[in-house]
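To start, the structure under review is shown below, and the notes come after it.
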Amino acid sequence: MTKDLNNTFTFLNGRVVNSVGYGAMRLTGQPRNFGPYADWQGGIALLRRARDLGITHIDTARAYGPHDNEKLIADALLNEDGTYGEMFIASKGGIEKDAKSISRDTTPATMKRHVEESLANLRADRVDLYYVHSPDGTTPIADSIAALEEMRQVGKIDMIGLSNVSQKQVEEALEVAPIAAVQNRYSPADVRDGALEDMIDWLDLRGIAFVPHGPLGANPMKQGAAVDPAGALRTLLARSPNILVIPGTTKIAHLEANASALGV
Ligand SMILES: NC(=O)c1ccc[n+]([C@@H]2O[C@H](COP(=O)([O-])OP(=O)(O)OC[C@H]3O[C@@H](n4cnc5c(N)ncnc54)[C@H](OP(=O)(O)O)[C@@H]3O)[C@@H](O)[C@H]2O)c1
């Protein structure tokens with residue numbers, strides 16, 4: 001649970017990641033982050049530029065596309081030896097999406113199937129971090145996490161995360177398995193939420209990373225940051241040592257600006 005002067009975070013299992021990451025969701029078809037990214041080669045170039053800048057944490061999900069965003073990451077970042085090397089790949093399962101609809105399904109069978117599909121998309125044997133993307137409101141969190149814990153025990157997942165959850169849901173999950181990261185919407189552009197502020201501190205005390213999604217206050221289905229990107233990212237990183245930022249962009253110039261503003 002430490003973030004040193006070089007802006008790294010150490011997970012409880014000892015894995016170190018740079019606090020400045022990249023959220024890849026927007027490298028998908030538009031609107032709705034549906035289908036493959038139109039500029040596939042441009043997406044590859046942007047992801048490789050992120051790696052060159054020292055950005056090691058890449059956030060994706062099976063639902064982005066679906067499948068296409070993970071496949072793009074594989075095309076861009078998979079090494080010849082079949083590993084991602086120093087890159088830290090985080091993905092998510094539990095959302096079904098097609099041309100017309102989107103729905104949540106975090107039943108154990110679906111969570112396990114989604115892990116397998118994400119691994120196939122990423123052309124990998126294991127993924128560093130895998131989140132429950134958003135609890136479906138019916139399946140007990142404990143059951144979804146037990147399914148991911150099975151996948152962790154057989155080595156397909158290194159760490160388990162939860163996204164779009166309350167502190168109570170994290171507490172339920174911790175009864176079943178170690179939780180490495182929580183990813184909720186959080187940005188200086190958003191209205192202050194006292195319970196969320198408390199949860200960030202509570203997670204920090206337990207060595208659990210907090211990964212704010214929409215860190216620049218963007219509407220996930222629309223284009224454009226809602227706040228000054230450099231100021232927002234600095235504010236987030238200063239907020240707490242357990243915060244890992246994953247700003248999204250489709251432009252290499254913005255990627256470089258975000259990284260340089262943070263001294264990466
Ligand atoms: N767990 C979840 O449910 C969930 C939900 C939403 C998002 N996420 C994750 O969070 C990541 C980030 O969220 P997000 O992409 O929706 O929103 P965001 O990071 O708050 O903002 C992205 C927007 O800001 C613009 N931007 C970025 N850097 C900029 C700069 N230096 N100057 C000007 N504009 C800039 C981008 O436009 P340009 O393309 O023009 O740069 C893009 O439209 C996603 O990629 C995804 O991985 C997770």
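Apart from one condition, Asp81 fits all of (1) under 28 Å from Leu236 (Cα atoms); (2) among the charged types (D, E, K, R); (3) at pLDDT below 95; the exception is (1). Residues in the range 40-60 that are free of Cβ contacts under 8 Å to residues at least 24 places away in the same chain and acidic (Asp, Glu): Asp52 alone. Among the residues making up the range 178-193, those that are more than 10 Å from the ligand (Cβ to nearest atom), surrounded by 15 or more Cβ atoms within 10 Å (Cβ to Cβ), of a type in the set (A, V, I, L, M) and in a loop (DSSP other than H, G, I, E, B) are Ile179, Ala180. Against the list (1) under 16 Å from the mean Cα position of the chain (by Cα); (2) among the hydroxyl-bearing types (Ser, Thr, Tyr); (3) assigned to a strand (DSSP E or B), the condition Ser118 fails is (3).
Considering only the range 61-84, how many residues are hydroxyl-bearing (Ser, Thr, Tyr) and free of Cβ contacts under 8 Å to residues at least 40 places away in the same chain? Number satisfying all stated conditions: 0.
Quick check on the range 219-233. Is at least one of its residues part of a helix (DSSP H, G or I), free of Cβ contacts under 8 Å to residues at least 12 places away in the same chain and either more than 8 Å from the ligand (Cβ to nearest atom) or not aromatic (Phe, Trp, Tyr) (or both)? No: zero hits.
Annotation: Leu216 fulfils all but one of (1) surrounded by 18 or more Cβ atoms within 10 Å (Cβ to Cβ); (2) closer than 24 Å to His67 by Cα; the unmet one is (2).
Across the range 234-264, the qualifying residues are those that are more than 9 Å from the ligand (Cβ to nearest atom) and not in a helix (DSSP H, G or I), and the one among them that is surrounded by the fewest Cβ atoms within 10 Å (Cβ to Cβ) is Gly263. Can you confirm whether Ile44 is away from the ligand (no atom under 13 Å from the Cβ), closer than 17 Å to Glu256 by Cα, at pLDDT 95 or above and surrounded by 14 or more Cβ atoms within 10 Å (Cβ to Cβ)? Yes, satisfied.
Residues that are in contact with a Phe, Trp or Tyr (Cβ under 9 Å, 6 or more places away or on another chain) and assigned to a strand (DSSP E or B): does the range 38-55 have at least one? No, the conditions are met nowhere in the range 38-55. Applying the set (1) more than 27 Å from Glu117 (Cβ to Cβ); (2) more than 10 Å from the ligand (Cβ to nearest atom) to Leu216 leaves exactly one unmet item: (2).
The values are calculated or read from the model by the stated rules, or taken from the named source; none is laboratory data. Keep in mind that what you see is a predicted model, and the values were worked out from it rather than measured. FYI the Cβ positions are ideal-geometry reconstructions off the backbone, even for glycines, and counts take in every protein chain you see.
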